[in-house]
C-alpha cells in the first residue's frame with residue numbers, strides 16, 4: 001500500500017514545461033518554454049535550471065491561457081521521466097498555483113513494473129501535498145490496491161476505504177470475491193517513519209470477514225528493522241497442552257537486535273524466550289535462550305545456545321559455539337532440538353593456499369535419555385595442521401603432511417588420553433596407454449599416547465597409566481580398467497578394480513585405547529581404502545587385497561542402472577584387528593555390493609548389502625526406493641544391521657520407514673509418514689504423521705498430526721497437532737516451528 005504514496009509522488013515529479021503552438025517565450029521559476037509552430041502532436045524536452053532529469057512530453061493538443069497562466073494538454077497525454085510513464089486524457093498545469101492536475105484514465109507505469117490507475121490526480125509541484133481519486137494499483141508481484149480517495153501531505157499518505165490483496169481474480173468469473181483481502185476504513189503510510197497503519201481493518205476470505213482489528217501497523221518494507229510485536233504462534237500437543245507464543249522485536253541499532261517473548265501453555269508453566277544478535281565489521285555473535293520453572297521437578301529448566309565468528313584477516317578466523325541445557329529431556333520436551341549430543345567449542349583457524357590449521361577446545365553434553373550413563377570426554381585442546389603440495393610437483397605426484405594433537409579429559413576417575421600424530425604421504429595417479437588407471441600411495445604415520453585411569457573395556461592391559469607408541473607405514477596401489485561403449489542412446493561402462501595394501505605388523509590393542517575407531521563396517525564406499533578403520537586409534541596392518549567391479553548403463557533420458565560387487569582378502573594369518581560384525585573380522589571379508597536402477601525421475605531402487613563370506617548370511621541391508629504414479633508418490637527406506645562387538649551397537653537394528661504423498665488437485669495434497677521398528681527388543685510403530693496441505697496462489701494452509709510412540713521419559717511429545725496459515729506478502733499465522 002505504500003506504493004500509493006509513490007504513485008502520488010510519481011506524478012508530482014514530472015516538471016511540466018511544454019512547447020505550444022505560439023510564437024512567444026514564457027519564463028516561470030527558471031523554466032523556459034520555447035513556442036513555435038507545431039503539427040497536431042506536440043513533443044517537448046524541457047530544460048530546467050538545476051534539474052538534471054530529462055522529461056519527455058507528448059499530447060494530441062496543447063493550449064496556453066496566457067491570462068490565467070494555465071497550460072492544458074489533452075488527448076493521449078504522455079509524460080516520461082527516468083523510465084516512469086504517466087498517461088492521462090487531460091493534464092492541466094496551473095503556473096501561479098504551481099499545481100498539476102491529471103484527469104481521465106490516469107495511469108502511472110513505474111520502472112519496477114508497478115502500474116497505478118486513477119480517475120483524477122491533483123498535486124503540488126513541490127511534492128508536499130496532493131489528492132488522488134479512485135486509486136487502483138497493480139503491483140509487479142500481482143498484488144492489487146484499491147482506494148476511493150487518497151491525500152498526501154508531506155511524507156504521509158492517507159487512503160480512505162482501501163483494500164489490498166495479492167490474490168488473482170477468477171478469470172472465468174471476475175465478479176467473484178478473491179480468496180482473501182484486507183479491507184480498512186483508513187490506511188496511512190508514513191514515509192518518514194516507514195510505517196503503514198490500518199484503522200478498522202478486516203481480513204475477508206471469499207468476501208466473508210473472518211478477523212477484525214480496530215488498529216494494527218507494520219513496516220513498509222523499506223527498512224531492515226522496526227520495533228514491534230511479531231506474528232503470534234500457536235501449538236498443541238498432549239504433554240504441554242495448548243500453547244501461544246508472543247515475541248517482541250527490538251532493533252537496538254542497525255547492527256544489533258534482540259527478541260524477547262513468552263510461550264504460554266495450558267498444562268504447565270510458561271516458557272520465557274530471548275534472542276540477541278550483533279554484527280561487527282568483521283565479526284558476528286548470536287545468542288538464543290529459554291527458561292521455565294518446573295513444578296513437577298521443583299527446579300529451573302532452560303537452555304542457552306550461542307555462536308560467534310571473527311574474521312581476523314584474510315587467513316585467520318576465530319569463533320565459538322555453545323550448547324547448554326539444564327537436563328536431558330528439556331530440548332525434546334519443548335521441541336527446541338532433537339540432537340543427541342550438544343557440542344561446545346572455541347576455535348581458531350588458518351587458511352593459506354592449500355594449507356590448513358585449527359586449534360580448538362571442545363566440551364560435550366550427552367542428552368540421550370537411557371539407563372546407560374555416558375561420560376562424554378572434553379577435548380582440551382585439539383590441534384590439527386595439514387600441508388598439501390602442488391599437483392604433479394613431486395616426482396609426478398603430490399605430497400601431503402598431516403599433524404594432530406588431542407587431549408581427552410573425563411570427569412572424576414574416567415580415562416584420560418593424550419595423543420599426538422604425524423602423517424606424511426605421497427600419491428601419484430597415472431593413466432597408461434592401454435587404458436589402465438593406476439593410483440599409487442605411500443604413507444607413514446607416527447602415533448604417541450599417554451593414558452591415565454585406563455578403561456579395561458577400551459584397552460587390553462588392565463588399569464593404571466600407560467605410554468604407547470606406534471609406527472604405521474603402508475603402501476597402497478589401486479588399479480582399475482574402465483571400458484565404455486555407446487549403444488544407441490545409452491552408454492555401457494564396466495570398471496574392474498584391484499587394490500593391494502601392505503603394512504608392517506602394528507600395535508592395535510596393547511596400551512592403546514579405542515576412542516574414535518569403534519563404529520567400523522565395510523561397505524561399497526570404503527572397501528578400497530587402505531585403512532578401513534575410521535579415526536586414528538585403530539589401524540589395519542598386514543597385507544590385504546581388495547577386488548571388485550562396477551558396471552552400469554546410462555541412458556540419455558536420465559535412466560540408469562548400476563551393479564557393484566566387492567570383497568577383501570587378508571593375506572596375513574596373525575591377529576585380526578577388526579571386531580565381529582564389521583565384515584572384516586575373518587581372513588576373507590564379507591561380500592558387499594550395490595544394485596541401483598532408475599527410470600527417468602519416475603522410479604528408483606537402490607539396494608546396498610553385506611553378506612557373510614562363509615554362508616552368505618545377511619549382515620546388513622539398506623534399501624531405498626521411490627515411485628511417482630502421476631498424482632501419487634511413494635518412498636521407502638529399510639535398514640537392517642547386525643550388532644557390532646565392543647561398541648555401543650550391542651543389538652541388531654532393523655527399521656522400516658515409508659512416506660506417501662497424493663495430489664488431490666493443483667492446490668490440495670495429502671502427506672503421510674511412518675517408522676516401524678522390526679527389531680525384537682523394541683518391535684512396534686515408533687512414529688507416524690498425517691498432513692493435509694493447501695498451497696494456493698496467495699495463501700497456504702499446512703496441517704499435520706504427529707504421533708510419537710517413544711518412551712515419554714525421553715521428552716518427545718506423544719501427540720502433536722499443528723496448523724499454519726500463510727498469507728502471501730504478510731507472513732504466517734499458526735504453530736511454532
Which residues, counting only those in segment 527-536, are closer than 25 Å to residue 452 by Cα and either more than 38 Å from the chain's Cα centre (by Cα) or in contact (Cβ under 8 Å) with a residue 60 or more places away in the chain (or both)?
536
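Hey, among the residues in segment 538-558 that are free of Cβ contacts under 8 Å to residues at least 60 places away in the same chain and assigned to a loop (DSSP other than H, G, I, E, B), which one's surrounded by the fewest Cβ atoms within 10 Å (Cβ to Cβ)?
Start the filter on segment 538-558 by keeping residues that are free of Cβ contacts under 8 Å to residues at least 60 places away in the same chain, which leaves 538, 540, 542-551, 558.
Now narrow it down to the ones that are assigned to a loop (DSSP other than H, G, I, E, B): 538, 540, 542, 558.
Values: 538: 24, 540: 23, 542: 19, 558: 11.
Here the answer is 558.
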One residue is enough: does segment 576-587 have a residue meeting the conditions surrounded by fewer than 19 Cβ atoms within 10 Å (Cβ to Cβ), in contact with a strand residue (DSSP E or B) (Cβ under 7 Å, 6 or more places away or on another chain), under 15 Å from residue 522 (Cα atoms) and modelled with pLDDT of 90 or more?
yes
Among the residues of segment 181-193, write down those that are surrounded by fewer than 17 Cβ atoms within 10 Å (Cβ to Cβ) and at pLDDT below 90.
192, 193
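Looking at segment 339-350, is at least one residue closer than 30 Å to residue 265 by Cα and buried (at least 17 other Cβ atoms within 10 Å of the Cβ)?
Taking every residue of segment 339-350 in turn, at least one turns out to be closer than 30 Å to residue 265 by Cα and buried (at least 17 other Cβ atoms within 10 Å of the Cβ).
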Of the residues in segment 496-511, those that are crowded, with 20+ Cβ neighbours inside 10 Å and modelled with pLDDT under 85 number 1
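Condition test on residue 404, is it modelled with pLDDT of 95 or more, under 25 Å from residue 474 (Cα atoms) and within 34 Å of the chain's Cα centre (by Cα)? Working first, answer last.
Details: modelled with pLDDT of 95 or more: yes; under 25 Å from residue 474 (Cα atoms): yes; within 34 Å of the chain's Cα centre (by Cα): yes.
It is true that residue 404 is modelled with pLDDT of 95 or more, under 25 Å from residue 474 (Cα atoms) and within 34 Å of the chain's Cα centre (by Cα).
State the number of residues belonging to segment 446-490 that are modelled with pLDDT of 85 or more and over 23 Å from residue 579 (Cβ atoms). So that I can check it myself, show each step before the final result.
Start the filter on segment 446-490 by keeping residues that are modelled with pLDDT of 85 or more, which leaves 446-452, 467-490.
Pick out the ones that are also over 23 Å from residue 579 (Cβ atoms) and you get 446, 448, 450, 452, 467, 469, 471, 473, 475, 477-490.
Number of matching residues: 23.
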Mind listing whichever residues of segment 214-245 are on the phi > 0 side of the Ramachandran plot and in a loop (DSSP other than H, G, I, E, B)?
221
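Would you check if residue 351 is in contact (Cβ under 8 Å) with a residue 12 or more places away in the chain and either under 30 Å from residue 427 (Cα atoms) or assigned to a loop (DSSP other than H, G, I, E, B) (or both)? Before the answer, list the steps.
Values: in contact (Cβ under 8 Å) with a residue 12 or more places away in the chain: yes; either under 30 Å from residue 427 (Cα atoms) or assigned to a loop (DSSP other than H, G, I, E, B) (or both): yes.
So residue 351 passes the test.
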With the requirement that a residue be surrounded by 16 or more Cβ atoms within 10 Å (Cβ to Cβ) and more than 19 Å from residue 233 (Cβ to Cβ), what does segment 271-283 give you?
276, 278
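In segment 310-328, what residues are surrounded by fewer than 15 Cβ atoms within 10 Å (Cβ to Cβ) and in contact with a strand residue (DSSP E or B) (Cβ under 9 Å, 6 or more places away or on another chain)? Before you say what the answer is, go through the steps one by one.
We begin by selecting, within segment 310-328, every residue surrounded by fewer than 15 Cβ atoms within 10 Å (Cβ to Cβ); these are 312-316, 324.
Scanning segment 310-328 gives 312, 314, 315, 316, 324.
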Which condition does residue 370 not pass, out of (1) in contact with a strand residue (DSSP E or B) (Cβ under 8 Å, 6 or more places away or on another chain); (2) at pLDDT below 90, if it passes all the others?
(1)
Selection from segment 262-280 of residues touching a residue at least 24 places away in the same chain (Cβ under 8 Å), more than 16 Å from residue 330 (Cα to Cα) and in a strand (DSSP E or B) yields 279
For segment 281-295, how many residues are touching a residue at least 12 places away in the same chain (Cβ under 8 Å) and either part of a loop (DSSP other than H, G, I, E, B) or touching a helix residue (DSSP H, G or I) at 6+ places or on another chain (Cβ under 8 Å) (or both)?
2
Here the qualifying pairs (Cβ atoms under 7 Å; residues six or more apart or on different chains; first in segment 507-526 and on the phi > 0 side of the Ramachandran plot; second assigned to a loop (DSSP other than H, G, I, E, B) and crowded, with 19+ Cβ neighbours inside 10 Å) come out as 511/459
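Residue-wise test of (1) closer than 30 Å to residue 452 by Cβ; (2) under 26 Å from the mean Cα position of the chain (by Cα); (3) in a loop (DSSP other than H, G, I, E, B).
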| position | (1), (2), (3) |
| --- | --- |
| 313 | no, no, yes |
| 320 | yes, yes, no |
| 324 | yes, yes, no |
| 336 | no, yes, yes |
| 345 | yes, yes, no |
| 357 | yes, no, no |
| 369 | no, no, yes |
| 387 | no, no, no |
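Take the residues in segment 238-264 that are more than 19 Å from residue 227 (Cβ to Cβ) and modelled with pLDDT under 90; name whichever of them is surrounded by the most Cβ atoms within 10 Å (Cβ to Cβ). Give the steps one after another, and end with the answer.
Taking segment 238-264 as the starting set, the residues that turn out to be more than 19 Å from residue 227 (Cβ to Cβ) are 238-244, 263-264.
Still in the list and also modelled with pLDDT under 90: 238-244.
Details: 238: 14, 239: 16, 240: 19, 241: 13, 242: 13, 243: 22, 244: 15.
Looking at the filtered set, the residue picked out is 243.
The values are calculated or read from the model by the stated rules, or taken from the named source; none is laboratory data. Since the structure is predicted, the reported quantities are computational estimates derived from the model, not experimental observations. Virtual Cβ from ideal backbone geometry, glycine too; neighbours counted across all protein chains shown.
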